[in-house]
Number of protein chains: 2
Amino acid sequence: MSQYAPPIERLIKELARFPGIGEKTAARLANFILHESIADARRLAESIMEVKERIHLCRTCFNLTEQDLCAICANPARDREVICIVQDPDALIAIETTGEYRGAYHVLHGALAPLDGIGPDDLHLQELLSRIEGHTVREVIIATNPDVHGESTALLISKILQNKSVTISRIAMGVPMGGDLKYTDRMTLGKAMEFRRGM
Amino acid sequence: MSQYAPPIERLIKELARFPGIGEKTAARLANFILHESIADARRLAESIMEVKERIHLCRTCFNLTEQDLCAICANPARDREVICIVQDPDALIAIETTGEYRGAYHVLHGALAPLDGIGPDDLHLQELLSRIEGHTVREVIIATNPDVHGESTALLISKILQNKSVTISRIAMGVPMGGDLKYTDRMTLGKAMEFRRGM
């Protein structure tokens, strides 16, 4: 690396901090920046700082937003009596793109992972409880990831909410659309059987 | 994409301009920036601008540098009577890492590509000629890429220099055809330097 001029070396080092970006890819990205116009580079640098300076968490649901309330919480057409709990803003976006859901969200920004030091206090659960206690909420849909962390988080939330007058549901786990049963792992198939419903 | 807050969407758009970075990867990188500290993000943004503001071309060889002369041209231990011609600064770095070469360089910043509008006037060839005419140069090693553009550039340079009292050599085709110098391992590159022959 010592062959590069120091500013280039610094940029490569910064770019290589990205997940999944190694030294070679970082050098390629730095090379792209070196060859683009200064206006383009400035737009990139500014958009990085803009995101850090303007984006914060929605006061109600902890989604990412520029405002006090996120676009979903601020939308009067959304059903605030249904709250879908997700681990992160990307999961929220994935659900939004289905167009199937018109309720509100609650973003945990993580899942239980004791070995990584992530416990119940790190998941905005107190704020979830306040939302349910302070307002009419019919249903809580737990849409944490279908893995060990997401499952234990779902279990924890269902325990916390068990004495509240609210329906608690978990998104279905099953065979993905377009999938093939013979290539589906048995955990998924087992869940698909468990979540079956009458037709 | 419309699910993202506008600053996030802008950042994703900027990141997706990188070669080989699609929308999904750009969203993942944006997500990383969102979650890192503001100090880390600022260091990234600043290193982007630092590279644009401080890096320019070496007065002599057109390598990237912060100074008037690059570290190689400024190094009195380098043999200035041998000039290695490369297409881009990454190729120079690749050759430097072999440790096999102690001469100077000349960076073309491209190769002949008539269809892309890159002709002889775009390759700092006049400056190469001045270097050879103004100083004692024993040998010119043409280390353009082993592909159609690099080969025609090599041919052009050997024609331009044929009446000069300088040995013209081409790096050996130890490097695989169709490849790119910056992605070649240093053993192969070292061999290619060692096996160069006159043209």
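The values are calculated or read from the model by the stated rules, or taken from the named source; none is laboratory data. Just so you know, these numbers come straight off a predicted model, no measurement behind them. A quick note on method: Cβ atoms are made from the backbone with ideal geometry, for glycine too, and the neighbour counts reach across all protein chains shown. These area figures cover heavy atoms from the full protein model, side chains too; ligands, DNA and RNA do not enter into them. Shrake-Rupley method; radii C 1.70, N 1.55, O 1.52, S 1.80 Å.
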Open item on the list: Need one number: buried accessible surface between chains B and A, 1.4 Å probe, both sides summed, DNA, RNA and ligands left out, in Å² to 100.
Closed with: 4900
TODO: Please state the charge dipole magnitude for the protein assembly as shown, taken about the Cα centre, from unit charges on C-beta atoms (+1 on K and R, -1 on D and E), reported in debye and rounded to the nearest 20.
DONE: 480
Task: Bins of 5 Å, starting at 0 and running to the largest distance - Cα pair percent for the range B:64-198 - done: 2, 11, 21, 26, 22, 14, 5, 0, 0
Open item on the list: Let me confirm one metric for peptide B:64-71, namely the mean number of other chain beta-carbon atoms within 10 Å of its residues' beta-carbons.
Closed with: 2
- [ ] Using a 1.4 Å probe on the heavy atoms of the protein chains only, list every residue of the range A:78-98 that has 10 Å² or more less accessible area in the complete assembly than in its chain alone.
- [x] A:Pro89, A:Asp90, A:Ile93, A:Glu96, A:Thr97
Task: Sites A:Thr167 and B:Asp116 - FRET efficiency at Förster radius 51 Å, r taken between beta-carbons, to 0.05 - done: 0.25
Open item on the list: If I ignore ligands, DNA and RNA and count only protein heavy atoms, how much of A:Ser47 is accessible to a 1.4 Å probe, in Å² to the nearest 10?
Closed with: 10
Task: Chain lengthening between A:Lys159 and A:Met193 when straightened (0.36 nm per residue, less Cα-Cα) - done: 9.8 nm
TODO: Could you tell me what percent of the accessible area of the range B:6-54 is made up of carbon and sulfur, with a 1.4 Å probe and every protein chain present?
DONE: 55
TODO: Compute the accessible area per residue over the protein assembly as shown, keeping the other protein chains in place, probe 1.4 Å, unit Å².
DONE: 52
- [ ] Grab the alpha carbons of the range B:6-54, take their convex hull, and tell me the volume per residue in Å³.
- [x] 78
Open item on the list: Please list the three semi-axes, largest first and in whole Å, of the ellipsoid equivalent to the protein assembly as shown, using sqrt of 5 times the eigenvalues of its alpha carbon gyration tensor.
Closed with: 58, 23, 17
- [ ] Can you run the Rg to Rh ratio on the range A:78-131? Use alpha carbon positions and the Kirkwood inverse-distance Rh.
- [x] 1.03
Open item on the list: Between B:Thr97 and B:His135, what's the calculated FRET efficiency when r is the beta-carbon distance and R0 is 30 Å? Round to 0.05.
Closed with: 0.65
Open item on the list: Skipping prolines and chain starts, which residues have an amide H placed within reach, meaning under 5 Å, of the one on B:Ile168, given they are 5 or more residues away or on another chain?
Closed with: B:Val140, B:Met199
Open item on the list: Let me spell out the model: positive unit charges on the Cβ of Lys and Arg, negative unit charges on the Cβ of Asp and Glu, origin at the Cα centre of the range A:77-199. What dipole size does that give, in debye rounded to 20?
Closed with: 560
Task: Of A:Thr25, A:Leu155, A:Met173, farthest towards positive along the dipole that unit charges on Lys, Arg, Asp, Glu beta carbons give chain A - done: A:Met173
